[in-house]
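To keep things clear, I will list the structure first and then write my remarks on it.
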Amino acid sequence: MNNISTIKNEILKEEAFLHVLENGLKVYFVPKKGFTKKYAVFATNYGSNDNEFVPLGEDNSIVVPEGIAHFLEHKLFEEKEGNIFNEFSELGSYVNAYTNFNQTAYLFSCTDKFYENLKLLVSFVQSPYFTDENVDKEKGIIAQEIKMYDDNPSWKVYFNCLRGMYHKHPVRIDIAGTVESISNIDKETLYKCYNTFYHPSNMVLFMVGDINFEKAIDVINKNMNRGISNDIKNIERIYPNEPKEINNKYIEEKLSVSIPLFNIGFKDYDVGYDGDELIKKQITTNVLLDILFGTGTEFYKNMYEKGIINNNFGSQFTANKTYAHSIIGGESDDPKEVLNKVLEYIKKIKKQGLNEEDFKRIKNKMLGHHVMNFDSLDYIANSFIKYTFNNTSLLNYLNILEDVTFDDIIHRFDNHFNKDNCTLSVIKSK
Amino acid sequence: MCRYSKLELIGGINLLKTTREKINDEVYLNIINGDKFKTELISFYFIMPLNRSEVTKNTLVPLILKRGTKQYNTSMDIERRLEELYGSDLSVSVNKKGEKHIIRFTIEGPREDFVLSNDILKNKLDVLKELIYNPLVIDNKFKEEYVSQEKRNLKDRISSRINDKKQYSTTRCIEEMCKNEPYHIYKYGYIEDLENINSQNLYKHYLDFFKKSRVEINVVSNIEKNEIKNIIKDYFPFDERESKLLKRENVIKKDIEEKTVIEEMDIKQGKLTLGYRTNIPYEDDLYTAFLVGNHILGGGPDSKLFINVREKESLAYYIYSRGYKYKSLMLISAGIEFDKYESALNIIKEQIEAMKKGEFEEKNIEQSKKAMITSMKAVEDDTYSISEFNLSKVLTDNQDIDEIIDSINKVKKEDIINSMNKISLDTVYFLKNQ
């Protein structure tokens, strides 16, 4: 087969192969020697953030009920003939799916009969079957899923933090929606979402393991839904204009917990990055967070020794084209004191400056972590999809990391943190 | 463009090879050799009987050790050393497997050929040795501040078990079920014990624990096994071992009286847990048949519980059934509306009855067998799973993956029916709103 392109990373000793089908579907493959598991993910660039768009074949945009992307994910497992779980079970494989802010992914892992599993995956994701009755039945199940999250303090503290940072951006919406919002979902709207976002040109199919790529491409090609046109149309997604300022400085909720949980969010207004630039920004900020708040810092040591925080403490930067933020989270009897200490500390470092030795150590650590992650097929598959939808490749990561300089970190530090772009979300005990 | 053909892969290569060697009384070294991973992992498991008077001290010891060593006085120094070692991960955990209390110390990091750094295995072992062998000791005591801080942290940790309602319900059900057996003991210990623990008696406990435990050392690496053996023996000397303390759990309980425990908390979703005694020890021929039956009942999205409770009645988002090997228990868990308690309970009991009467198809058996075999095979794809599997193996029936797969394949329908007729309901636990 001639039209296969490759991307390679010498340090990891890994490579990825790409073949693009006529209908625009990108099919990727990373070979893994000696692993017994084989893993495939079929994902669409569509998540809970895409709740306003122009449906395929229409002229005007619509706003859909919150939680519909996730609802659609549940419903795709239903076929005219029954539930698809059963067919995967017959092959002894494990099938699952997940929806996040930006993507919906369907996946299976198996040790045997890979190509039969692949055929099933490709066909079920391409054959929606929604009826009034089966849509209604799912509402009860998803309501229980929502309530399970309602009792989950780390989930609540995180979403409250997002709502504190964002006024309008849909990242503030719960991925599964609310019991109320999902009650408004009907089969017509589900089909509209499906037809718009599940076109192969908006999707990626990724495989990892000990697999013959050409044979897999053949299986995928033969099982593509011929009813879908090969015309590749741009999807118009509408995001509200998000102000630069945060929405709320402080959000508090009470749940049955033993010790308060907190998330401190720093909203990033410098957005719009894509591809390698986006990854560079992610890496730079995460190195910076580790230099400032990691377990190897004086800051962590002091806070821990004073008993203000415990070992449930961490920080992470998340970035997408339309939104970005850092979150510092943990448990403390006095979350407001944690915030004060964080802000004081940032002020102090702004005067003192950062230390280049710290930078070198953290860069080493990030290199090692990336190498270690490549022992996990699940990690490779799910990260690969995410990077692809962000118009870059997971295999570019190490080169980008290598290019990050201490000056990049200093520059990022000067721009990212200030007391006016931060939100404190707290879950207190009842 | 197409370099692909050169990379055509052959299946079934690089099987992992495990060797086991006794290096002292109650000290064993297990080396799992293979080339497929980019990382290497070294785990030390210290295994003691699960004992009410020692459980809190056992839990505190690794927390103190992680705070500082002779060479690395603070956890910050340890962390910085790990960052230099390419983010190698040093972790400790406290667990119970049956009536055994297990303290694990692990270091895992990239292999030297992926980060182009020599001696990284030895450097990792140096840190692990510091952690286990060379704690920061002042006047025959652990450092005072570390002990008082970690006592406070452990108190928080024990109180925080209410935060995860799913896990909390499982733990509570087992506590109620095994009230008069060591298995009820909470793995992280008890707040009321903390008062009497100080830096002196805890240090003494550490020395004791070191001598009395059974030790299993697991190494997953690509380095040649004799080389590993020599390094481990050289780095980690063991002497003066005390005699064997571990016992096989008592798993048969006579005259079971079904009881119901209802607890209230301010929550949005009810958590229902049914605790069964399987009455089948893992040494029994029916044990594997029970596992297959358990899978048909509540092992996955094609199971009887999932189909009848979730898909048909929309009563739950999650419902599953799990076997507890060492103690021969089976727990069914579901998240439900508070007022659906009766109906969920009835459907679950009906499904158990159906299993006992053999109301399931050959197809269900085949599917469950396949799923179980797939997950057994997948153990070999992850260094941590390999190490955990190996530990369980040497602590129980010594069956390796191929033998387990073999016995799964041999299970017949009548064995499953027989095994299901042995199980009996012990405790129904329900966590509801106030």
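The values are calculated or read from the model by the stated rules, or taken from the named source; none is laboratory data. Remember, it's a predicted structure, so these values are computed and weren't measured experimentally. Quick reminder, even Gly has a Cβ in these numbers, built from the backbone with ideal geometry, and neighbours come from all protein chains shown.
Evaluate the following for A:Phe71: is it crowded, with 17+ Cβ neighbours inside 10 Å and over 25 Å from A:Ser93 (Cβ atoms)?
Against the criterion (crowded, with 17+ Cβ neighbours inside 10 Å and over 25 Å from A:Ser93 (Cβ atoms)), A:Phe71 does not qualify.
Mind listing just one residue for me: the one in the stretch A:1-30 that is away from chain B (no Cβ under 14 Å) and not charged (D, E, K, R) and, of those, farthest from A:Asn373 (Cα to Cα)?
A:Asn23
How many of the residues making up the stretch A:209-267 are over 30 Å from A:Lys32 (Cβ atoms) and hydrophobic (A, V, I, L, M, F, W, C)?
Adding up the residues that qualify gives 13.
Within the stretch B:65-78, is even one residue more than 12 Å from chain A (Cβ to nearest Cβ), in contact (Cβ under 8 Å) with a residue 40 or more places away in the chain and either among the aliphatic types (A, V, I, L, M) or assigned to a strand (DSSP E or B) (or both)?
Yes, the stretch B:65-78 contains a residue that is more than 12 Å from chain A (Cβ to nearest Cβ), in contact (Cβ under 8 Å) with a residue 40 or more places away in the chain and either among the aliphatic types (A, V, I, L, M) or assigned to a strand (DSSP E or B) (or both).
Take the stretch A:268-289 and flag every residue that is in a helix (DSSP H, G or I), in contact with a helix residue (DSSP H, G or I) (Cβ under 7 Å, 6 or more places away or on another chain) and acidic (Asp, Glu).
Correct list: A:Asp276 only.
Can you find even one residue in the stretch A:315-338 that is in contact with a Ser or Thr (Cβ under 6 Å, 6 or more places away or on another chain) and within 20 Å of A:His370 (Cβ to Cβ)?
The answer is yes, given that some residue of the stretch A:315-338 is in contact with a Ser or Thr (Cβ under 6 Å, 6 or more places away or on another chain) and within 20 Å of A:His370 (Cβ to Cβ).
Does A:Asn117 fit the bill of being among the polar types (S, T, N, Q), without any contact (Cβ under 8 Å) to a residue 60 or more places away in the chain and not in a loop (DSSP other than H, G, I, E, B)?
No; evaluated as a whole, the condition is false for this residue.
Within the stretch B:350-405, track down each residue that is in a loop (DSSP other than H, G, I, E, B) and either of a type in the set (S, T, N, Q) or not assigned by TED's automatic domain parsing to the domain that holds B:Ser303 (or both).
Matches in the stretch B:350-405: B:Thr396, B:Asn398, B:Gln399.
So, in the stretch B:230-251, exactly how many residues are within 26 Å of the chain's Cα centre (by Cα) and surrounded by 11 or more Cβ atoms within 10 Å (Cβ to Cβ)?
The qualifying residues number 12.
Residue-wise test of (1) touching a Pro at 6+ places or on another chain (Cβ under 9 Å); (2) part of a helix (DSSP H, G or I); (3) crowded, with 19+ Cβ neighbours inside 10 Å; (4) not charged (D, E, K, R).
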| site | (1), (2), (3), (4) |
| --- | --- |
| A:Lys215 | no, yes, no, no |
| A:Glu242 | no, no, yes, no |
| A:Asn247 | no, no, no, yes |
| A:Phe266 | no, no, yes, yes |
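Please determine whether any residue of the stretch A:31-47 is more than 9 Å from chain B (Cβ to nearest Cβ), touching a residue at least 40 places away in the same chain (Cβ under 8 Å) and more than 25 Å from A:Phe213 (Cβ to Cβ).
Yes.
Restricting attention to the stretch A:64-99, which residues are of a type in the set (D, E, K, R) and either outside the structural domain of A:Ile175 (by TED's automatic domain parsing) or without any contact (Cβ under 8 Å) to a residue 40 or more places away in the chain (or both)?
Result: A:Glu73, A:Glu81, A:Glu87, A:Glu90.
Looking at (1) surrounded by 18 or more Cβ atoms within 10 Å (Cβ to Cβ); (2) in a helix (DSSP H, G or I), which is the only condition B:Glu227 fails?
(1)
Please verify whether A:Lys281 is of a type in the set (Lys, Arg) and surrounded by fewer than 20 Cβ atoms within 10 Å (Cβ to Cβ), treating the condition exactly as stated.
No, not satisfied.
Taking the residues in the stretch B:279-317 that are assigned to a loop (DSSP other than H, G, I, E, B) and among the aliphatic types (A, V, I, L, M) as candidates, determine which candidate is nearest to the other protein chains (Cβ to nearest Cβ).
B:Leu315
Just one of (1) touching a strand residue (DSSP E or B) at 6+ places or on another chain (Cβ under 6 Å); (2) within 14 Å of another protein chain (Cβ to nearest Cβ) trips up B:Cys173, so point out which.
Evaluating B:Cys173 over (1) touching a strand residue (DSSP E or B) at 6+ places or on another chain (Cβ under 6 Å); (2) within 14 Å of another protein chain (Cβ to nearest Cβ) leaves (2) as the failure.
Please determine, by comparing only the residues of the stretch B:340-361 that are out of contact with any strand residue (DSSP E or B) (no Cβ under 6 Å at 6 or more places or on another chain) and either within 12 Å of chain A (Cβ to nearest Cβ) or modelled with pLDDT under 95 (or both), which one is nearest to B:Val428 (Cα to Cα).
If we take residues in the stretch B:340-361 being out of contact with any strand residue (DSSP E or B) (no Cβ under 6 Å at 6 or more places or on another chain) and either within 12 Å of chain A (Cβ to nearest Cβ) or modelled with pLDDT under 95 (or both), then B:Lys340 is nearest to B:Val428 (Cα to Cα).
Considering only the stretch A:249-264, state which residues are part of a loop (DSSP other than H, G, I, E, B) and within 14 Å of another protein chain (Cβ to nearest Cβ).
Within the stretch A:249-264, A:Ser256, A:Val257, A:Ser258, A:Ile259, A:Pro260 meet the criteria.
Six or more apart or on different chains, Cβ atoms under 6 Å: show the pairs whose first residue is in the stretch B:168-184 and touching a residue at least 40 places away in the same chain (Cβ under 8 Å) and whose second is crowded, with 17+ Cβ neighbours inside 10 Å and in a loop (DSSP other than H, G, I, E, B).
So the pair list comes out as B:Pro182/B:Leu50; B:Pro182/B:Glu99; B:Tyr183/B:Glu99.
Applying the selection to the stretch A:290-333, what residues are assigned to a helix (DSSP H, G or I) and either among the aliphatic types (A, V, I, L, M) or more than 9 Å from chain B (Cβ to nearest Cβ) (or both)?
The answer is A:Ile291, A:Leu292, A:Phe293, A:Phe299, A:Asn302, A:Met303.
Going by the structure shown, is B:Gly335 buried (at least 23 other Cβ atoms within 10 Å of the Cβ) and within 14 Å of chain A (Cβ to nearest Cβ)?
Yes; evaluated as a whole, the condition is true for this residue.
Consider A:Ala324 carefully, then state whether it is at pLDDT 95 or above, among the small types (Gly, Ala, Ser) and either within 27 Å of A:Phe29 (Cβ to Cβ) or in the same structural domain as A:Tyr198 (by TED's automatic domain parsing) (or both).
Taking the combined requirement at face value, the residue does not satisfy it.
Name the residues in the stretch B:136-155 that are among the aromatic types (Phe, Trp, Tyr) and more than 14 Å from chain A (Cβ to nearest Cβ), would you?
B:Phe142
Working carefully through the options A:Ala105, A:Ala69, find the one that is in a strand (DSSP E or B), of a type in the set (Gly, Ala, Ser) and touching a Phe, Trp or Tyr at 6+ places or on another chain (Cβ under 9 Å).
A:Ala105
Specify the residue that is farthest from the other protein chains (Cβ to nearest Cβ); the eligible residues are those in the stretch B:93-135 that are surrounded by 16 or more Cβ atoms within 10 Å (Cβ to Cβ) and of a type in the set (Phe, Trp, Tyr).
The residue in question is B:Phe105.
With the requirement that a residue be of a type in the set (A, V, I, L, M, F, W, C) and over 13 Å from A:Thr131 (Cα atoms), what does the stretch A:63-76 give you?
A:Val63, A:Val64, A:Ile68, A:Ala69, A:Phe71
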